[in-house]
Amino acid sequence: MSRVRTATTGRIHSWDLSTGVDGPGTRFVLFVSGCPLRCLYCANPDTWHMRDGREMSVDAVMAEIGKVQGFVTTAGGGVTLTGGEPLLQSAFAGEILRRCKEAGLHTALDTSGFLGARATDELLADTDLVLLDIKSFDVNTYRKVTGGELAPTLNFATRLDRLGIPMWIRYVLVPGWTDDLESVDALAGFVAGLGAVERVDVLPFHKLGAAKYEALGIPFPLHDNPVPAPDLIQKVRDRFSRHGVRAY
């Protein structure tokens, strides 16, 4: 018997279709408004505040997903909730994930894990894949880069592993900030101990969101920071590979 539907509404920034970035196949990507972290390299500062999103009901969101469901299913994809931070609106996110599962869609949750404690077991049972962003494995660096604490993310990763929920770990490589190879090696060791981790994506820092900061009238903290060179990207990927973790 299906669980009773609720009239949950939430704040949405936007949605889009993507391929090969936000989970397997071509996906309907829902950008949920609001985030508790302020990552120095954030490419979506326009998703930070819930007040800047538009209110939508779960039914309205599902109607938009329905328009492309046949296409994304044929393309081996599904639906990914990202943000912002979807777990800031955990009830709303959980209802969308449940409705997607009922519709036969593959579901993915893109999260920093900082609010992992808000994810109920029911929400996670409706999640086929978690894209877990681990910003740094060094406590001090994590705090400087995000303004938050590392422990909740690691606790969430351990919980996901215990529940057997597949994970793709995402690591943004920022020269001068997250390129310390000893720290990367420590993270690789932690990840290697999680049987539910399928891969690690090493994501090179970029400045594609700089125009958004300018439009919002706020400074982009890493405006003058260099992007990583190809050899550095490969070195970091190799650190994960040495621990038997597939890194891309």
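General observations
- Exactly one residue out of ASP46, ASP52 is closer than 30 Å to PRO219 by Cα, modelled with pLDDT under 95 and out of contact with any strand residue (DSSP E or B) (no Cβ under 6 Å at 6 or more places or on another chain), and it is ASP52.
- Flag if THR178 is surrounded by 23 or more Cβ atoms within 10 Å (Cβ to Cβ) and within 24 Å of PRO221 (Cα to Cα): yes
- Pairs are defined by a Cβ separation below 6 Å, a sequence spacing of at least 6 or placement on different chains, a first member in the range 134-157 that is in contact (Cβ under 8 Å) with a residue 12 or more places away in the chain and open to solvent by less than 60 Å² (accessible area, probe 1.4 Å), and a second member that is of a type in the set (Gly, Ala, Ser) and part of a loop (DSSP other than H, G, I, E, B); the pairs so defined are VAL145/SER136; THR153/GLY113; PHE156/GLY113.
- Listed here are the strands (runs of 3 or more DSSP E) enclosed by the range 89-173 that have at least 2 residues being among the β-branched types (Val, Ile, Thr): 106-111, 167-173.
- In the range 187-244, residue nearest to LYS135 (Cα to Cα) [restricted to those that are of a type in the set (Asp, Glu) and not in a loop (DSSP other than H, G, I, E, B)]: ASP201
- Residue pairs meeting the criteria (Cβ under 7 Å; at least 6 apart or on separate chains; first within 9 Å of PRO24 (Cα to Cα), in the range 66-80; second open to solvent by 50 Å² or more (accessible area, probe 1.4 Å) and modelled with pLDDT of 95 or more): GLY77/HIS106; GLY78/HIS106
The values are calculated or read from the model by the stated rules, or taken from the named source; none is laboratory data. This one's a predicted model, so the numbers in the text were calculated from it and none came from an experiment. Ideal geometry is used to build each Cβ from the backbone, glycine not excepted, and the neighbour counts take in all protein chains shown. Surface areas here come from the heavy atoms of the whole protein model, side chains and all, with no ligands, DNA or RNA. Shrake-Rupley method; radii C 1.70, N 1.55, O 1.52, S 1.80 Å.
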